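Take a look at the structure set out below.
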Amino acid sequence: MSPLARVQSLLTKPFMPAVFFLSGVIYDTVTLTRIDRLQDNLILLLYLAMLGALIVLTGRVGMESPPDPAQLAGSPFMRWVIKSRPYYPMASQFLLGSLFSAYTIFYSRSATFSGTAVFFALLILLLIANEFLRDRLSNLRLLISLYAVVCFAFFTFFLPVITGHMNAAIFVAGAMLSIGVILRVAQLIHRNNPARSREEGIGVTVPAAALIGILVGFYFLNWIPPVPLSLKFGGIYHDVKRPGDHFELAYERRWYEFWKRSDTTFPADTPIYCFTAVFAPVDLNTTIYHHWYYRPHDSRPFTHADKIPLKISGGREGGYRAYSFKQGLDPGDWRVDVEAGDGRILGRVSVTVVDQGGTQPTLATMSY
């Protein structure tokens, strides 16, 4: 058997789709470093442009009927386009998979086990479902709806990166830009195309626009992770000092607790610090909040205790470092939600405050 035949035989194995899927996710995890990296964003933008062009070709040449003899008699490029029709669904699946994989990685860095996990879970679901959609990716309504999602997910973090602003207006602008892109794709499909009717054009764009409207609702429900911000580190400490370009963080640690990097229990009536490092893209200056909550015991819900604003600026790989300080906390469960300016949660730091009497803790120090 020739080497080419062996490769073709290997590609037909039933486990190969899973191999390609896992390989693609691992590759993206290793190579996609920063959400504000120009090279990564240009690649994603190229994928979006290629997928849009592929959807236009899918709609214009048709996938159901035999090719028009007049088209086959056209230019060599047109003949190549027509003869390549069977590979369009495969190419669309590859581009969609690459985009969903990249978005899953970027959004995972900002998602928490709160409401913001809803959109992240949707991306994971679409990433997995894409592996089974190849035979349906000639359906224009499905294709344009998926294209609406990948455009929306891209502009949600790309516009804050390039504008340096992160607010509801920028988010809505990204949603409107996504709608504009899908309308343009639909227009290119149906313009001067007698095989496509105006009613069909409306039928393929309305579901996509409605889907973007639902995702906008997700934003105002705080169900979308606050990309491009992400919590790189957070913890509770007895003291925070900055002797130079680093912070010294003091926390209680016994000699065998080599894994500890912050306090999980804390003595009452003692000054307490919440230290966080939040990544933000270059040129993005915004305000985050340390939102302190308290409950006296497990049977009671957490209630608001304090909300402390902290101005941060972007660019540092390890995140912008800042801390809030409180004194005289009552015994019970405390948590600090690290929130973006619009209330979406970047992360959460928890601690249990206990009455230890006059016992002096043994403190260790780490640098960050």
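The values are calculated or read from the model by the stated rules, or taken from the named source; none is laboratory data. Note that the structure is a prediction, hence the values are computed from the model and not measured. Every residue, glycine among them, receives a Cβ derived from its backbone with ideal geometry; neighbour counts consider all protein chains shown.
Take the conditions assigned to a loop (DSSP other than H, G, I, E, B), touching a strand residue (DSSP E or B) at 6+ places or on another chain (Cβ under 8 Å), buried (at least 18 other Cβ atoms within 10 Å of the Cβ) and of a type in the set (A, V, I, L, M) and apply them to L249. Does it pass?
no
Of the residues I212, I236, only one is out of contact with any strand residue (DSSP E or B) (no Cβ under 9 Å at 6 or more places or on another chain) and aliphatic (A, V, I, L, M); which?
I212
Is it the case that the stretch 227-234 has a residue that's of a type in the set (V, I, T) and modelled with pLDDT of 95 or more?
There is no residue in the stretch 227-234 that is of a type in the set (V, I, T) and modelled with pLDDT of 95 or more.
Can you tell me which residue in the stretch 279-292 is nearest to L159 (Cα to Cα), limited to those that are among the hydrophobic types (A, V, I, L, M, F, W, C) and crowded, with 17+ Cβ neighbours inside 10 Å?
Once the filter is applied, the top-ranked residue is L284.
Would you check which residues across the stretch 333-354 are over 15 Å from D263 (Cα atoms) and among the acidic types (D, E) and list them?
D337, E339, D342
Checking the conditions here, which among G203, G180 is modelled with pLDDT of 90 or more, farther than 30 Å from G315 by Cα and out of contact with any helix residue (DSSP H, G or I) (no Cβ under 6 Å at 6 or more places or on another chain)?
Exactly one residue qualifies, and that residue is G180.
Please report, ordered by residue number, the strands (runs of 3 or more DSSP E) entirely within the stretch 293-357 with at least 3 residues that are surrounded by 12 or more Cβ atoms within 10 Å (Cβ to Cβ) and either of a type in the set (S, T, Y) or modelled with pLDDT under 90 (or both).
320-326
Looking at (1) touching a strand residue (DSSP E or B) at 6+ places or on another chain (Cβ under 6 Å); (2) surrounded by fewer than 17 Cβ atoms within 10 Å (Cβ to Cβ), can you tell me which one P226 breaks?
Condition (2) is where P226 drops out.
Please specify each residue of the stretch 102-117 satisfying the condition of being among the aliphatic types (A, V, I, L, M), surrounded by fewer than 23 Cβ atoms within 10 Å (Cβ to Cβ) and touching a Leu at 6+ places or on another chain (Cβ under 8 Å).
Listed by number, the list holds a single entry, I105.
From the list S138, S197, S145, S114, which one is modelled with pLDDT of 85 or more and either touching a strand residue (DSSP E or B) at 6+ places or on another chain (Cβ under 8 Å) or of a type in the set (S, T, N, Q) (or both)?
Just a single option satisfies the conditions, and that option is S145.
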